[in-house]
Every structure is written in structure tokens, then in C-alpha cells.
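The values are calculated or read from the model by the stated rules, or taken from the named source; none is laboratory data. All of these numbers come straight from a predicted model, not from anything done at the bench. Methodologically, a virtual Cβ is constructed for each residue, glycine included, from the backbone with ideal geometry; neighbour enumeration extends over all protein chains shown.
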Amino acid sequence: MLSYDPNTPARPLGRPVSIDPEAVAALALKMFAERGYEQTSMEDIARHAGVGRKTLYRHFANKAELVWGGMGPVIEASAPLLDAPHTPGSPAQEILAGIQSALIAGVAALPNLAVTRGRLRLIAEHAELMNRSHEFLGAQRKQTCDYLTARGVSDESARYFCAALIGVTFEAWLQWAASDDPDPVSHLRRALGYVIVAEWGPSGETSG
């Protein structure tokens, strides 16, 4: 794990073939806490991580991507569950169970929940980062909408449901990050309970 001590000089630049994105993110979060988010540049992070700027920029185009960069493992872990064999017109409860399983798999895939918590707390504190939530959560939104429409839910209903789901689960992550709870799963389960879907009929429209 990379470490950051503001009282020690930066490491000499290295040119590794690859870097550990989570280790770099953990280092960056420490630097943001010490120096401030706005006052810390990508060049500062590269220097203290001991990597070249080009190496860092190959993984993260900017600081916002570095903070939001933990979404990759979540999307990858959710995909097999959301792409599982299915029958169009599946019951609503079965559909919701699949979404819950995908959410839990995403949590399990995160390599370091302490880094995730630090990222989320930083996002909550900075409007610039919070305002980019729609951009960085877009892949998760599309993944879930595709899952719904493949099971017979209409495009319109899927879009409404996904908008609600992304909103409540993101809020659940933020509330978990602000707490001392070691496990975010209970927060996500409660959040999913607030997404009210009575039933999807054969046409894919909700009814109830």
C-alpha cells in the first residue's frame, strides 16, 4: 500500500508498467485530507505515488475520475447476475431479488471499503464531485435498465425505476459513508425497500 507523509520528500519518479489504482486512490485521499482537494494536483499525486504523470493519466483523466474510480469493480461484479438467464415477463419480486443480489455482489467486489468510504465522504463534501454523479453512475443505470427491459419491463417504466433506484442507492452509500457501520449492505437493502413497484404486467407497465 502506498503511503503519504507530508513531512517526507516525494519519491523518485518511476515508470511501472501498471499501478494499483486503489493504492493510488488511498494515497490521493490522504493528500486531499492534508492539503485540500482543490490544492492537490494530479502532478502532486503522481510525484508522491512515485509514478510518471502519463502513467497516472492512463488510469485517471482527472481528479474527479480518481475519486469516482471505484465504480469499475461494482459494474463488473454485477454484470453476471444481471445477465443471467431469464424469462420475459418475470414476476416483480423475482426482478427485485436479482437487483438486490447484484447490489450485494458489487459491495463484495470492492477491494477496500475504507477507500470507498473516503471517496464517498469527499464526494459529499464537494459540489463539483457531487454534480458529476449522473455521469459516473451512468453505466450502472444502463446496466440495470437493460436488465429490466430484457425481462419484459417497458422502456418508460425501466427508466423511471432506474432513476429511483440509482437515487436511493447512492443516498444509501452516502449515509453509510457518514456512519461508522462497517458494512454498507444493510443500508442498500433498506434503500431498495423504498423503491415501490407493485407489479409489472405482460406489457411491461406497472400496475397496482
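Annotations for the structure displayed:
- The listed residues are Ile95, Ile99, and the only one of them that is in a helix (DSSP H, G or I), over 13 Å from the mean Cα position of the chain (by Cα), in contact (Cβ under 8 Å) with a residue 12 or more places away in the chain and within 16 Å of Val74 (Cα to Cα) turns out to be Ile99.
- Some residue of segment 91-107 being surrounded by 15 or more Cβ atoms within 10 Å (Cβ to Cβ) and of a type in the set (D, E, K, R): no
- Taking segment 131-165 as the range and being part of a loop (DSSP other than H, G, I, E, B) and surrounded by 15 or more Cβ atoms within 10 Å (Cβ to Cβ) as the test, the residues that pass are Arg132, Leu137, Arg151, Gly152, Val153, Ser154.
One line per residue, one yes/no per condition, for (1) modelled with pLDDT under 95; (2) over 30 Å from Val24 (Cα atoms); (3) touching a helix residue (DSSP H, G or I) at 6+ places or on another chain (Cβ under 9 Å):
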residue	(1), (2), (3)
Pro88	yes, yes, yes
Pro91	yes, yes, no
Glu94	yes, yes, no
Arg119	yes, no, yes
Ala124	no, no, yes
Glu128	yes, no, yes
Tyr160	yes, yes, no
Glu171	no, no, yes
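Each row is one residue, and each column tells you yes or no for (1) in a helix (DSSP H, G or I); (2) free of Cβ contacts under 8 Å to residues at least 24 places away in the same chain.
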site	(1), (2)
Pro85	no, yes
Pro88	no, no
Pro111	no, no
Val115	yes, no
